[in-house]
Amino acid sequence: MSLSELLDLVFRWVHMIAGIMWIGNSMLFNWLDRNLEKSKDLSRLSQGKIYMVHSGAFYDVEKKLLEPGDLPKHLHWFKYQNLTTWLSGLALMVVVYYLHGASFLIDPRVAELSPLVGITISVSALLVGWIVYDGLWSSYGDRHPGVATVLSIAMLFGSIYGFAQVFGGRGAFIQTGVLIGTLMTGNVWMSIVPSQHALVAATKSGGDQDPKLSIRAKQRSIHNNYLTFPLLFIMISNHFPATYQHHLNWLILISVMVGGAGIRHFMNIRYLGGGLVRPPGAVLAPAAGMAGIAIAGILLISHIKVESKIADYPVSYAKAADIMAKRCTPCHSAAPTDDQFKVAPVNVRFDKPDEIQLMSPRIKARAVDSDQMPFNNKTAMTAQERAELGRWIVDGAKLQ
Ligand code: HEC
């Protein structure tokens, strides 16, 4: 295993573990908040109580403010799960998308960028994205949250479209994910955690917390809440070339974002507080509708084809094998000759006839029905070759 592959694996593993802890915590606290039960016996500073059963005993949890003297010695914070997720995500971005000549970020068929220019655009977009978003919500968002919400969504969708015009499909999706992750991390460390520090300080001094800080923190926390499902989709999307390699990939991503955030919305409003919930039908039906938007977006848009590309004359195995040897085996071979891929990617090899035959449905999906392979069309496969390969597969991928 090469060093960069090892780093990829280690960072990915850490990223997943930390991500599950971060999102898991955040979901649990959201759920707790919405399920708190208020009763008259609770103290003036109490915001509600909840009983749960888990791992062999009962949990008796109360959400409350504290009197100055009551601040406990050990207070548990939940912030490093987020930081670890973000840092390991950035490390992955560097190892997978910036190294190796940024070949997973840039696709010359989308835009002819040099690696340096591509990486500079990617990093600047993260910085500018945070500055603009934070600026908007730290000033204007206080007074006009509705308008700021519409503007933020428009800017996010605009960025997705923009990324799809400069980066390869996979790069555009992951760039959107890193941007969202960066905004969420900024929200945690620049707004939510400072507001919690202010709460601790106010409790110590017996004063009141600046309400502006806590309102802003609440806003940012709601933003993070809505972004979780779309972000999780982006994390798994690079297993699905049909989504990110399509020429309307930005539209697919936007429909998944609308659907994903929509599902969260109906999960959020399910809990009315005080232990009351809406009837399941009133929530499940619209949530299923939002899931439908996401799935229909993927399904319908990914089926919009540019043209059908199957040759109308018979193509022999010899001809197909010839095309594969020229365009595919430079990477997909036991001994690749490509300057970047020194081992066959995902262990897919086309050295032997039965290897080609066995993979023919995937060859059709990746090189005939779409032009996702060869990777970045590095071996300059022509449209005619795709059509001929298509004919050989459609006729049964026979070996003679
Ligand atoms: C420059 C190197 C390169 C060339 C040339 C290349 N590929 Fe790939 N291939 C990759 C990489 C990288 C992956 C893994 C990433 C991915 O799946 O997008 C891959 C993955 C695949 C997969 C496995 C994933 C799946 O969807 O099942 C198939 C099949 C495939 N390529 C087919 C082809 C065919 C057919 C050709 C020739 C027409 C070809 N490739 C040419 C680099 C290359």
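The values are calculated or read from the model by the stated rules, or taken from the named source; none is laboratory data. Given the structure is predicted, the values throughout are model-derived calculations rather than measurements. Heads up, the Cβs are rebuilt from the backbone with ideal geometry, glycines too, and the neighbour counts pull from every protein chain shown. Accessible surface is based on the protein model in full, side chains and every heavy atom, while ligands, DNA and RNA are left aside. Shrake-Rupley method; radii C 1.70, N 1.55, O 1.52, S 1.80 Å.
For this structure, a couple of remarks:
- Selection from the range 259-308 of residues that are over 29 Å from Y51 (Cα atoms) and touching a residue at least 40 places away in the same chain (Cβ under 8 Å): A294, A296, G297, I298, I301, S302, I304, K305, V306
- Qualifying residue in the range 308-322 (condition: within 11 Å of the ligand (Cβ to nearest atom), under 27 Å from G168 (Cα atoms) and outside the structural domain of A242 (by TED's automatic domain parsing)): no
- R170 vs. criteria in a helix (DSSP H, G or I) and open to solvent by 30 Å² or more (accessible area, probe 1.4 Å): yes
- Close pairs from the range 20-36: first open to solvent by 60 Å² or more (accessible area, probe 1.4 Å), partner assigned to a helix (DSSP H, G or I), Cβ under 6 Å, at least 6 apart: M21/Q81
- Among (1) open to solvent by 40 Å² or more (accessible area, probe 1.4 Å); (2) part of a helix (DSSP H, G or I); (3) within 16 Å of the ligand (Cβ to nearest atom), the one test that H239 misses: (2)
- Counted as qualifying within the range 77-150 are the helices (runs of 4 or more DSSP H) with 2 or more residues that are loosely packed, with under 15 Cβ neighbours inside 10 Å, of a type in the set (A, V, I, L, M) and out of contact with any strand residue (DSSP E or B) (no Cβ under 6 Å at 6 or more places or on another chain), namely 115-138.
- When R349, R362, R386 are checked against the criterion of being among the basic types (K, R), open to solvent by 70 Å² or more (accessible area, probe 1.4 Å) and not in a loop (DSSP other than H, G, I, E, B), a single residue qualifies: R362.
- Within the range 184-202, the set of residues being open to solvent by less than 20 Å² (accessible area, probe 1.4 Å) and in contact (Cβ under 8 Å) with a residue 12 or more places away in the chain comprises M184, T185, G186, N187, V188, S191, V193, S195.
- Residue check, D338 surrounded by fewer than 17 Cβ atoms within 10 Å (Cβ to Cβ) and either free of Cβ contacts under 8 Å to residues at least 40 places away in the same chain or of a type in the set (D, E, K, R) (or both): no
- Any chance V394 is closer than 30 Å to S2 by Cβ and either within 8 Å of the ligand (Cβ to nearest atom) or open to solvent by 60 Å² or more (accessible area, probe 1.4 Å) (or both): no
- Residue match in the range 309-319 (condition: open to solvent by 30 Å² or more (accessible area, probe 1.4 Å), in contact (Cβ under 8 Å) with a residue 24 or more places away in the chain and of a type in the set (V, I, T)): yes
- Some residue of the range 62-69 being at pLDDT 95 or above and either within 24 Å of the chain's Cα centre (by Cα) or not hydrophobic (A, V, I, L, M, F, W, C) (or both): no
- Flag: I298 does not match the condition of being within 30 Å of H100 (Cβ to Cβ), modelled with pLDDT of 95 or more and among the aliphatic types (A, V, I, L, M).
- Failed item, numbered, when S370 is tested on (1) part of a helix (DSSP H, G or I); (2) among the small types (G, A, S); (3) at pLDDT below 95; (4) more than 6 Å from the ligand (Cβ to nearest atom): (1)
- Residues of the range 320-331 satisfying the condition of being touching a residue at least 40 places away in the same chain (Cβ under 8 Å) and part of a helix (DSSP H, G or I): A320, I323, M324, K326, R327
- Restricting the range 323-364 to residues that are touching a Pro at 6+ places or on another chain (Cβ under 8 Å), farther than 17 Å from A380 by Cα and not charged (D, E, K, R), the residue that is farthest from the ligand (Cβ to nearest atom): V343
- Failed item, numbered, when M381 is tested on (1) away from the ligand (no atom under 15 Å from the Cβ); (2) within 30 Å of V256 (Cβ to Cβ); (3) not in a helix (DSSP H, G or I): (1)
- Test result for W13, assigned to a helix (DSSP H, G or I), closer than 15 Å to S221 by Cβ and of a type in the set (F, W, Y): no
- When T379 is tested against (1) buried (at least 17 other Cβ atoms within 10 Å of the Cβ); (2) touching a Cys at 6+ places or on another chain (Cβ under 8 Å), only condition (1) is not met.
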